[in-house]
Amino acid sequence: MTPDPSSSYSRYTRVGSHRDVDSFRGHLHELCPEVPVDNEILRAPGSPLAKSLEICGKIASNRWMIQPMEGWDGAEDGNPGELTLRRWRRFGISGAQLIWGGEAVAVEAEGRANPNQLVIAEHTLAGLEKLREVLLEAHHDRFGSTSEPIAGLQLTHSGRFARPGRDGACRPRIAFRHPLLDARVGVTDDSAILDDSEVEDLIESFIAGAVRARELGFDFVDIKHCHGYLLHEFLGAHTRPGPYGGSLENRTRILREIVSGVRREAPGLHVAVRVSIFDSIPFRQSGDGEEGVPERCPEGEPYRLGFGVDMANPAEQDLSEGHAFLALLEELDIRLVNLSGGSPYYNPHLQRPALYPPSDGYLPPEDPLRSVARHLHATRTLKQKFPGMVVAGSALSYLQEYLPHVAQGLVRDGWMDLVGIGRMALSYPDLPADTLERGELARKRICRTFSDCTTAPRGGLVSGCFPLDAAYGSLPEAETLRKLKKKPRE
Ligand SMILES: Cc1cc2nc3c(=O)[nH]c(=O)nc-3n(C[C@H](O)[C@H](O)[C@H](O)COP(=O)(O)O)c2cc1C
């Protein structure tokens, strides 16, 4: 299961191969000199990560946050399954004070990214309530009754990447025709485009989802605007005519209408947003190798097909609209934002930097540490501009054993307020507790970004950490995954 470290995957120095923090710092600083790296992991109460912070009217007693991580393991009717409950329990023993959404939950069954994604509806309320309960119970069992974590629910519609049926077929619903992405999901005509009245229905579905999330006791809802899913795609709908496309005001109209509906129908519920604040043109495997290369911009025109993309040089990011987006969030009195970038479908090296690509990916076109640095720079730039917002950072798992050393510095120096862990939370959920209580990590549990957690669901399997979490390593799916990975990549 573990890739051979001497293979071509090792074009870049592996983080785990650094003998000490100085050596890692040297590597990181060659790529991005300003990123702080502490010499040692600090325990509570001295660590910047142990500083409390007010979020959603409660006090978070530390700065660790669990990113939303779905497992492709719900029941066909949108209820959680056993593995879903297990994952939320593990989030509960993490010690992190903020649980950002748990995982993406579809507001309409047709908006599921896979037939095992959770849905928020009348018939799933008890199941979703159970998720929150097991999370809090696990926290209480491990840490006692103090400092209950703050938990939100992430609401989504998968849009272009919807695959709700058992047959696994793409059933895309899109904001606009995209000359590079349409073919990847089988769009051949305009019938997949949501018309304006369908957008209005979608807004109502998000509001209904938020009302239910409040009934279930969640502290906030995340109106998901990231990773190529529907509301993220609308942010880039420059070419769409009508009230939901064109100007930035139109492209953010859905968010404004959802927020006004939530304020009206679920008063008191906090609203947060996870957004891909930067992006790029889609990447693909190069013809003569497996490395990722940017697709060519259609007919050499400015790239008007994304959000946070430099239109003249679309392999690069542009944060100017990101500034305007955060200003809008402030205006809407949304104080909690989780900054991500890109999409796991068309530029996974940006969205979840990894040395070993998933089955539908490509070899990293840059040192994955450089991709991490793209997130860090975007986050710092926006945090500095919006000091009153609570800003969470993403894509840090690739820092591996040095994640806490960097995270402490990032919080101390004001790059971000909350440190999100995604893949690391699958292999090593209680990393936050270990850092704050013991000031050290269990090296064997550190995520090495083998991408099995992405490859497995691409092959229709449940997601989890197959290499390091024995509960997954011993599943029959582990064998299927092994065979899947042996097949030549397309
Ligand atoms: C298996 C898997 C499931 C994920 N599920 C979600 C999700 O439901 N919602 C979301 O916003 N991001 C999701 N992500 C993205 C992560 O939250 C995170 O942004 C990404 O893994 C990069 O952070 P990391 O470096 O800490 O892993 C998922 C990622 C993986 C690998």
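The values are calculated or read from the model by the stated rules, or taken from the named source; none is laboratory data. Just so it is clear, the structure is predicted and the values come from calculations on it, not from any experiment. Neighbour counts are summed over all protein chains in view; Cβ atoms, including those assigned to glycine, are modelled from backbone coordinates with ideal geometry.
For segment 71-94, the count of residues that are in contact (Cβ under 8 Å) with a residue 40 or more places away in the chain, aromatic (Phe, Trp, Tyr) and in contact with a Ser or Thr (Cβ under 6 Å, 6 or more places away or on another chain) is at least one.
A residue that is among the hydroxyl-bearing types (Ser, Thr, Tyr) and farther than 27 Å from His139 by Cβ can be found somewhere in segment 462-482. Within segment 225-279, being of a type in the set (S, T, N, Q) and more than 16 Å from the ligand (Cβ to nearest atom) holds for Thr239, Ser247, Asn250, Thr252, Ser260. Residues in segment 306-332 that are under 15 Å from Leu248 (Cβ atoms), assigned to a loop (DSSP other than H, G, I, E, B) and not small (Gly, Ala, Ser): Phe307, Met311, Asp318, Leu319, Leu332. Tallying residues that are within 26 Å of the chain's Cα centre (by Cα), of a type in the set (A, V, I, L, M) and assigned to a loop (DSSP other than H, G, I, E, B) within segment 21-74 yields 4. Count of segment 204-224 residues, restricted to those that are touching a strand residue (DSSP E or B) at 6+ places or on another chain (Cβ under 7 Å) and either within 16 Å of the ligand (Cβ to nearest atom) or of a type in the set (Val, Ile, Thr) (or both), is 9.
Looking at segment 51-74, which of its residues are more than 16 Å from the ligand (Cβ to nearest atom) and either at pLDDT below 95 or within 25 Å of Val21 (Cβ to Cβ) (or both)?
Pass one, segment 51-74, residues more than 16 Å from the ligand (Cβ to nearest atom): 51-62.
Passing the criteria: Lys51, Asn62.
When the residues of segment 342-399 are filtered to those that are at pLDDT 95 or above and charged (D, E, K, R), the one that is nearest to the chain's Cα centre (by Cα) is Arg352. Determine whether segment 43-50 contains at least one residue that is in contact with a helix residue (DSSP H, G or I) (Cβ under 9 Å, 6 or more places away or on another chain), within 15 Å of the ligand (Cβ to nearest atom) and of a type in the set (Ser, Thr, Tyr). No, segment 43-50 contains no residue that is in contact with a helix residue (DSSP H, G or I) (Cβ under 9 Å, 6 or more places away or on another chain), within 15 Å of the ligand (Cβ to nearest atom) and of a type in the set (Ser, Thr, Tyr). Just name the residue that is surrounded by the most Cβ atoms within 10 Å (Cβ to Cβ) out of those in segment 107-160 that are of a type in the set (Val, Ile, Thr) and in a loop (DSSP other than H, G, I, E, B). Among them, the one singled out is Val107. Can you find, within segment 330-351, the residue that is nearest to the ligand (Cβ to nearest atom) among those that are in contact with a strand residue (DSSP E or B) (Cβ under 6 Å, 6 or more places away or on another chain) and more than 30 Å from Thr455 (Cα to Cα)? The residue in question is Leu336. Residues that are away from the ligand (no atom under 11 Å from the Cβ), assigned to a loop (DSSP other than H, G, I, E, B) and under 24 Å from Leu202 (Cβ atoms) are absent from segment 84-106 altogether. Evaluate segment 257-270: report whether one residue or more is more than 28 Å from Val293 (Cβ to Cβ), in a strand (DSSP E or B), within 25 Å of the chain's Cα centre (by Cα) and not β-branched (Val, Ile, Thr). Taking every residue of segment 257-270 in turn, at least one turns out to be more than 28 Å from Val293 (Cβ to Cβ), in a strand (DSSP E or B), within 25 Å of the chain's Cα centre (by Cα) and not β-branched (Val, Ile, Thr).
Considered as a group, the residues in segment 386-408 that are in contact with a Ser or Thr (Cβ under 7 Å, 6 or more places away or on another chain) and assigned to a strand (DSSP E or B) include one that is nearest to Ile55 (Cα to Cα), and that residue is Val391.
So in segment 109-123, with the set limited to residues that are away from the ligand (no atom under 16 Å from the Cβ) and of a type outside the set (A, V, I, L, M, F, W, C), which one is nearest to Thr455 (Cα to Cα)? Only one residue tops the list, namely Glu110.
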